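The values are calculated or read from the model by the stated rules, or taken from the named source; none is laboratory data. All values reported here derive from a predicted model rather than from experimental measurement. Positions of Cβ are backbone-derived with ideal geometry, glycine not excepted, and every protein chain shown enters the neighbour counts. Heads up: the accessible areas ignore ligands, DNA and RNA and are worked out on the full protein's heavy atoms, side chains in. Shrake-Rupley method; radii C 1.70, N 1.55, O 1.52, S 1.80 Å.
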Amino acid sequence: MVGRIAERLEKLGLSLPAPFAAPPGVEFRFDLVRVSGGHAYISGHGPLDGSEVLARGKVGAAVTPEQGYEAARLTALSVFTSLERELGDLDRVTRWVKLLGLVNCAPGFSGMPGVINGFSDLVLELWGDAGRHARSAIGVAELPFDIPVEVEGMVEISGG
């Protein structure tokens with residue numbers, strides 16, 4: 001049985017990537033998703049397919065804002081994979097609560113909110129009103145593996 005979020009992804013022509021995995025030589029010492037009570041806390045994710053980095057570079061230099069937006073969208077798909085793996089079904093996500101978006105910025109770039117909109121827009125496309133969330137988008141000098149964006153968040157979940 002396919003859930004409604006999976007159906008919406010399919011209608012958009014999107015598929016989930018392989019689960020986020022540490023690159024060779026790196027060991028994760030944290031959970032990608034941690035469930036506590038009625039919430040799932042999502043560790044920072046980037047635009048990855050398994051351990052393969054799908055986008056690299058600083059937004060405002062080698063990466064355009066539009067490419068940064070797409071990297072944020074790819075990051076959302078990586079998060080969805082981790083949520084599905086932990087919860088068993090994306091339909092268990094009943095509300096998106098909070099996101100923190102980090103953008104690997106070239107000096108002088110200040111369009112971080114527009115870049116992280118790539119993540120937020122996809123959440124809203126899939127969850128509708130339940131996808132509305134609080135959010136911060138900040139610029140940083142560096143991100144792991146030279147990824148252009150990293151997003152962490154918190155969602156409300158139904159019992160499993």
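Packing-based ranking of 24-37, 131-144 yields 131-144, 24-37, ordered from highest to lowest mean Cβ neighbour count within 10 Å. As a length-normalised measure over Cα pairs under 8 Å and 6 or more apart, the relative contact order of the chain settles at 32 percent. Mean residue ellipticity, 222 nm, helices only, the chain: the sum of -39500 (n - 2.57) across DSSP H runs of n ≥ 4, divided by residue count and rounded to 500, is -9500 deg cm²/dmol. Taking label positions 7 Å along the Cα-Cβ direction at both residue 67 and residue 12, the computed distance is 2.2 nm, reported to one decimal.
Normalising by the residue count of the stretch 86-160, find the relative contact order in percent from Cα pairs under 8 Å and 6+ residues apart. Reported as a whole number, the value is 54 percent. For the chain, with all protein chains in place and a probe radius of 1.4 Å, 50% of the accessible heavy-atom surface sits on carbon or sulfur. Largest first and in whole Å, the equivalent-ellipsoid semi-axes of the stretch 94-145 read 24, 10, 9, each the square root of five times a Cα gyration tensor eigenvalue. Value of Rg to Rh for the chain, rounded to two decimals, is 0.95; Kirkwood radius and Rg both from alpha-carbon coordinates.
Were the residues from residue 22 through residue 158 laid out at 0.36 nm apart, the gain over their Cα-Cα distance would be 46.1 nm. Using the Cβ-Cβ distance between residue 98 and residue 141 with R0 set to 25 Å, the FRET efficiency works out to roughly 0.60.
Normalised per residue, the accessible area of the chain is 49 Å², obtained with a 1.4 Å probe and no contribution from ligands, DNA or RNA. For the chain, the longest principal axis of the alpha carbon atoms and the long axis of helix 65-87 meet at an angle near 30°.
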